[in-house]
Amino acid sequence: MLSNKLRKIAAVSVLALMSTGFAACSSSNDGGSAAPEQLKPGEVAKFTWYHRIPDKKGNTTLKELVDQFNKENPDIEVVPERMQGSAGESYAKINSMVEAGKDVPCVTQIGFERVPDMMGAMMDVKQYAEKYKDDFIPDLYNKATVGDKVFGFPQGASPILFFYRADLFEQYGLKVPTTWDEYKETAKLVREKSGNKSYLGAFLQDEIQWQAALTSSEGADWFGYDPAASTWSVNIKTPETEKVATYWQGLVDEKLVVPTTRWGQDFGKYLQDGTILSTIGGSWEAPLIADTAPDGNGKWKVAQIPHFDASNTTVGQNGGTIAAVLKGCKYPEQAVKFAHWWATNIKGLAGLGLLPAAKVDKIETPANLKEYFGGQEIYEEFIKANNNAPKVTWAPQIGKTLDAMSNELKLVGTTGSLPKVYEIGQTTAVDSLKAVGITVK
């Protein structure tokens, strides 16, 4: 959770940007650029990169990639440190370090949706970053900006896809569903043919971003901004989101999917032992599934997600992150150099199972993932999904909204209700924006 001080700074920054139609605003306490520390002859710019990327064996490891950068840039030494705990806990730690001005990592990982909320902790590095703008998909590059400020680079996209056990689909005579009606019928068949031992999929009780991706795939955009009127709109509870909420609540109530937490121990067990035959998740799921369920090697496949209307090809994003430079970094120019190198290292990112946000025509599926997914070129599916990403707007104070929605989401399947998740989100978003002086229409 943001500290009150940094939350106020972020809100003031957004209000200042709004008052000028999202024009430049560069005071030293609202994300403005800091004077860089000049390296002395022979000096090395040593700084920490605070990230959430698993360092595991594959075509290459994260440590090997960082070692490669350090070798190519002898005047820079990047020290990777992996975040522990939930994303929310990591953001709280980042803000605490920035506010204390001690042990601040130069580069960190910030979710697309959190950028407006984290402005108080990030440094405007436009003077170093703008020259690299054309290296990235425009809509994704903009995720690292607010108004005229640039905080880093998008380092990964995450369209949702349908991951499934091809061997069990064949065993039960199932077809990959292309509509949500087909998904429900397939879920019934799985329960029937497995003697109620297995489910088609899971309902993720700890992934509010999963809900955002599902709803944006059906045309929802939770927020809107009118620059002419300098007003925000909140669209979390709409016919589009209500349709998704009612559908998934029905699957839970009919016990056609199993409620569980994505980041709990049960989910990995379900993948491994066949309790669930599929999962819908971001492209980053590929290496995680391979790591969590090694017995599934060669048995999994990837397909596009179902929709209510089969002609709809829109695919929402379950997350996506930027490599951001933080206030307090002594070496912003060198930090930007590393962030750009990392975000445009197509082969390296793909080797870690990530989908780059940089411009690229084709990405070869890493050998280990191609083997795990039965010889399939899964990155072809990833790119296809990424090319159908919808416009998504995130608003300030989103942390409060997501936290409130998450508190109800974790109760779905017991005492909670998915439609109520969206009701809470609508109310919380409106109230939290108004609380910091932002006009909501």
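Points to keep in mind about this one:
- Selection from the stretch 405-441 of residues that are assigned to a loop (DSSP other than H, G, I, E, B), in contact with a Leu (Cβ under 8 Å, 6 or more places away or on another chain) and of a type in the set (A, V, I, L, M): Val436, Ile438
- Failed condition for Lys243, given (1) touching an Asp or Glu at 6+ places or on another chain (Cβ under 6 Å); (2) basic (Lys, Arg); (3) part of a helix (DSSP H, G or I): (1)
- Enumeration of residues in the stretch 74-104 that are part of a loop (DSSP other than H, G, I, E, B), in contact with a Gly (Cβ under 9 Å, 6 or more places away or on another chain) and buried (at least 17 other Cβ atoms within 10 Å of the Cβ): Val104
- Figure legend. Inter-residue proximity from the stretch 99-110: first residues over 20 Å from Glu333 (Cβ atoms), second residues in a loop (DSSP other than H, G, I, E, B) and of a type in the set (S, T, N, Q), beta-carbon distance below 8 Å, spacing 6+ or different chains. Indicated pairs: Glu99/Ser3.
- Of all residues in the stretch 317-347, those satisfying the criterion of being surrounded by fewer than 22 Cβ atoms within 10 Å (Cβ to Cβ) and not in a loop (DSSP other than H, G, I, E, B) are Glu333, Lys337, His340, Trp341, Ile346, Lys347.
- Criterion: at pLDDT below 95, surrounded by fewer than 17 Cβ atoms within 10 Å (Cβ to Cβ) and of a type outside the set (D, E, K, R) - qualifying residue of Asn407, Asn368, Asn387: Asn387
- Among the candidates Lys71, Lys57, residue that is exposed (fewer than 15 other Cβ atoms within 10 Å of the Cβ) and modelled with pLDDT of 95 or more: Lys71
- Among the candidates Glu182, Glu192, Glu218, the residue that is outside any helix (DSSP H, G or I), over 21 Å from Ala286 (Cβ atoms) and not assigned by TED's automatic domain parsing to the domain that holds Pro116 is uniquely Glu218.
- When Gln109 is tested against the conditions (1) within 17 Å of Thr321 (Cα to Cα); (2) in contact with a helix residue (DSSP H, G or I) (Cβ under 6 Å, 6 or more places away or on another chain), the lone failure is (2).
The values are calculated or read from the model by the stated rules, or taken from the named source; none is laboratory data. Everything quoted here is computed from the prediction, not taken from an experiment. All Cβ positions, glycine included, derive from the backbone under ideal geometry; neighbour counts span all protein chains shown.
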